[in-house]
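Reading through the structure tokens given below for one structure.
The values are calculated or read from the model by the stated rules, or taken from the named source; none is laboratory data. Source: prediction; values computed, not measured. When we count neighbours, we look across all protein chains shown, and the Cβ atoms used for this are built from the backbone with ideal geometry, even at glycine. Just the protein is used for accessible areas: all its heavy atoms, side chains included, with ligands, DNA and RNA removed. Shrake-Rupley method; radii C 1.70, N 1.55, O 1.52, S 1.80 Å.
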Amino acid sequence: MENSVLIRTHDLDKIYSLGLTDLKALDRITLSVARGEFVGFVGPSGSGKTTLLNIIGSLDVPTSGSAEVLGRRIESLSHKESAGLRNRHIGFIFQTFNLLPVYTVYENVEFPLLLQGMESSRRKQLVGDALEWVGLADRADSRPAQLSGGQSQRVAIARAIVKQPEIVLADEPTANLDAANSHHIMKTMAQLNEDLKTTFIFATHDEKVIGYLKRKITLVDGKIAKDETVEKTTAG
Amino acid sequence: MLIPKLALRNILSAGLRTWLSVLALSFSFVAIIFLQGVYDGLNDQVERATVEAQYGGGQYWQKAYDPYDPLSLEDAHAPIPPQLQELTAGGGAAPILIRTATIYPQGRFRSILLKGIDPDQKVLSVPSTALRSLENVIPGLIGSRMAKSAGLKKGDVVTVQWRDVHGTFDARDVTIAEVFRTNVQDVDNDQIWIPLERLQAFTRMENQATIVVLKKDVLPVTDPPGWEFKDSGFLLRDLRSLVKMKSVQGSVMYLLLLFLAMLAIFDTQVLSIWRRRKEMGTLMALGMTRTQVIELFTMEGALHGVLAALVAAIYGIPLLAYAAGRGFDLPIATDNFGFAIGEKLFPAYSPALVAGTTLLVCIVTTIVSYLPTRKIADLKPADALRGRLS
Ligand SMILES: Nc1ncnc2c1ncn2[C@@H]1O[C@H](COP(=O)(O)OP(=O)(O)O)[C@@H](O)[C@H]1O
Ligand SMILES: [Mg+2]
């Protein structure tokens, strides 16, 4: 692990109330992630991967314990502060791509920058760079409905990295993609991690994804079962 | 600009659903303006006709006169004060003597008003010149409603009985010199106009009158003793409230239309907030605050109002302009409306009416669009992304 720690959790619990019973989705999670890591939460379905990723992404709050992201305590952020944190510092990639259907590829990627109120010439440059990175510069005017799954996910990656965030969180990014596209987008993200030193955190149970990870945190029933650093491999 | 732009894109891409709501809303839009324009036009026309035939520029009432109390007429007569005589001589006023009388058309007893008016007056639109012609008989002028209800026609002779100033009965035969058409029932129903001087002579009320009608746009003089000036605002008060009542009755229909359009929008909103919870989660993940998401969805609903205004303008302006230019033929039944209407009705659309309606529709649409979005206020982004709407 190198230099600064971006994410630190301590005794993090997340309990969902299910009426009569409670469900402990996260159980005393203590971990830290440093700048530039390419790390994944792995484990079976229902083990708490998404829940943990959402808390780190300030989309959710822990029931107890603490989560510190980029020096901010997630549990004590206001709505506005957490929205600002996500807008400027955290990129999200989802299993279902979640592009805005009414916007073009270009506008989808531009959206986070518009929210930031960035001026147009800078926006244009950043969007151009991001689309270049994912190899979709020629599809700038397409609509999401005209894209394949692989292309859609690459647009989502461009949208996540366009603001040059410190952290990108990807929840099952390959679940709706075939093998070729899965490897394609994983390579793209690994390359971004290399070139831009962007920290990537995955939640996945897909072996294809796991093959690219430099660190693997295994969750079982909301607990960390294993935390291992792996030799970099080149899958596919 | 981000939110309005996204909102517009969103609703336009919703296609048919959006246009159906917009169309429904635009119908109620045009209907409101149209109906309100009809009532405004009606009001204008009724007022104009009534002023021309009855009220002029206001009336001086002999102090005992009360149009709602026929018994008051007994004492409601007095010599015309000099300043009003002067006005009359100059053509600026017309005295009218009103007496109760009885006629026996077809052998049946009927109570009427006998109104004396100067055949040469030019203050009111009542065609009093018809009373000039006949020398050897007493000429009478009646409106077409009176003619119909009493079974009288031009040339008929009817016996009229009244009391003179001393309460003594007197009777004469009146020959119907003319039947005139008017929209103003108050110068028509249950009354016969005869020359003023003759009525004054028959009743021994020489130079007396019950009211003196001022010509329109002539300035009133200070009230002579025993007389009271009633301006047109006062005289038109009942009429205006009657038209207003009718317009409120008419507005029930367009409020229903508006209600239906609002229901469609409310429904669209509730449904779209339900269906698009994942999209809301995405927007929040990208850094939108809840307030901005609420703004977006409210804006989407409110834009229906704006689009409806535009669509309404496209077909509404030519339609309303055509209606205003051509007018409508009114069905006969409108006589039962209770006030005067011309043969043709011309709707009147004021800028205030159009602007007011636009504002009303847009405000109501915005409120209706906002209400369902309050559900977003306690939405957790993580739940929204999972497709939950807690
Ligand atoms: N909003 C919620 N309410 C109740 N239970 C939930 C909620 N979100 C997740 N869970 C439960 O928490 C557990 C962990 O879920 P999740 O983090 O999605 O796991 P994973 O991503 O590893 O599949 C699961 O048992 C899931 O059913
Ligand atoms: Mg998951």
*Top mean-square fluctuation among A:TYR212, A:TYR16, A:TYR103, Gaussian network model of chain A, C-alpha springs under 10 Å?*
A:TYR16
_Neighbouring partner chain Cβ atoms per residue of B:274-286, average, 10 Å criterion_ = 5
_Using only the Cα atoms of the range B:58-230, what semi-axes does the equivalent ellipsoid have when each is the square root of 5 times a gyration tensor eigenvalue? Give whole Å, largest first._
25, 18, 15
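Find how much the distance from B:GLU86 to B:VAL252 grows on full extension, using 0.36 nm per residue of separation minus their present alpha carbon separation; answer in nm with one decimal.
Working: separation 166, 0.36 × 166 = 59.76 nm, distance 5.07 nm.
That pair, B:GLU86 and B:VAL252, stretches by 54.7 nm at full extension.
Give the relative contact order (percent, whole number) for chain A; include only Cα pairs under 8 Å separated by 6+ residues. Don't skip to the answer; put the middle values down first.
On the way: 470 pairs, mean separation 63.8, N = 236.
Result for chain A is 27 percent.
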_For the range B:156-214, convex hull of alpha carbons as volume per residue, Å³_ = 110
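Say R0 is 56 Å: what FRET efficiency, to the nearest 0.05, do B:LEU2 and A:ASP22 get from their beta-carbon distance? Walk me through the numbers on the way to the answer.
Working: r = 40 Å, r/R0 = 0.72.
Computed FRET efficiency for B:LEU2 and A:ASP22 comes out at 0.90.
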*Using Cα pairs closer than 8 Å and at least 6 residues apart in sequence, work out the relative contact order for chain B, in percent.*
27
*Translational D (Stokes-Einstein, µm²/s) of the range A:80-197 at 25 °C and 0.890 mPa s when Rh comes from the Kirkwood sum over C-alpha pairs?*
174
_Please report the net charge: other residues with Cβ closer than 15 Å to the Cβ of B:ASP378, K and R +1, D and E -1._
+4
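Quote the FRET efficiency, to the nearest 0.05, computed for B:ARG17 versus B:SER350 with a Förster distance R0 of 35 Å and r equal to the Cβ-Cβ distance.
Numbers: r = 34 Å, r/R0 = 0.98.
Once the sixth-power term is evaluated, E becomes 0.55.
Could you work out the percent of alpha carbon pairs in the range B:69-170 separated by over 17 Å, rounded to a whole number? Show your work: numbers first, answer last.
Details: 3157 of 5151 pairs.
When all Cα pairs of the range B:69-170 are counted, 61 percent exceed 17 Å.
Rg(Cα) of the range B:202-241 divided by 2.2 N^0.38 Å? Could you put the intermediate results ahead of the total?
Numbers: Rg = 13.2 Å, N = 40, 2.2 N^0.38 = 8.9 Å.
The range B:202-241 yields a ratio of 1.47.
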*Would you mind checking the radius of gyration and Dmax of the protein assembly as shown based on alpha-carbon positions, in Å?*
42.2, 131
*In nm, spacing of pseudo-spin labels at B:LEU263 and A:LYS197 (7 Å Cα→C-beta vector)*: 6.3
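Given 0.36 nm per residue, what is the gain on full extension from A:GLU228 to A:ALA145 after removing their alpha carbon distance, in nm?
Details: separation 83, 0.36 × 83 = 29.88 nm, distance 3.95 nm.
Taking 0.36 nm per residue and subtracting the Cα distance, the gain is 25.9 nm.
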*Taking only C-alpha pairs under 8 Å that are 6+ residues apart, what is the relative contact order of the range B:58-230 in percent?*
35
*Whole number in Å², please: accessible area per residue of the protein assembly as shown, 1.4 Å probe, ligands, DNA and RNA not counted.*
46
*Once both labels are modelled 7 Å past Cα along the beta-carbon direction, what's the A:ASP178-B:TYR104 spacing in nm?*
11.0
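What is the mean number of Cβ atoms from other protein chains located within 10 Å of the Cβ atom of each residue in peptide A:115-128, rounded to a whole number?
Numbers: counts 8, 1, 1, 0, 0, 0, 0, 0, 0, 0, 0, 0, 0, 0.
Taking the mean over all residues of the peptide, I get 1.
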*Expressed in nm², what is the orientationally averaged projection area of the convex hull enclosing the Cα positions of the range B:12-85?*
8.8
*Roughly how many nanometres apart are two label points built 7 Å out from the Cα toward the Cβ at B:ARG163 and B:MET245?*
3.2
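Need one value for B:380-387: mean number of C-beta atoms belonging to other chains within 10 Å of its residues' C-beta atoms.
Details: counts 4, 9, 11, 3, 1, 11, 5, 1.
Neighbouring Cβ atoms belonging to other protein chains average 6 per residue here.
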*May I have the extent of the alpha carbons of chain A along their three principal axes, as whole Å values ordered from largest to smallest?*
50, 42, 41
*What is the percent of Cα-Cα separations in chain B that go past 28 Å?*
60
_Need one number: convex hull volume per residue for the range B:164-283, Cα atoms only, in Å³._
254
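Per residue Cα convex hull volume for the range A:77-140, in cubic angstrom?
Details: hull volume 6.9 nm³, N = 64.
About 108 Å³ per residue, rounded to a whole number.
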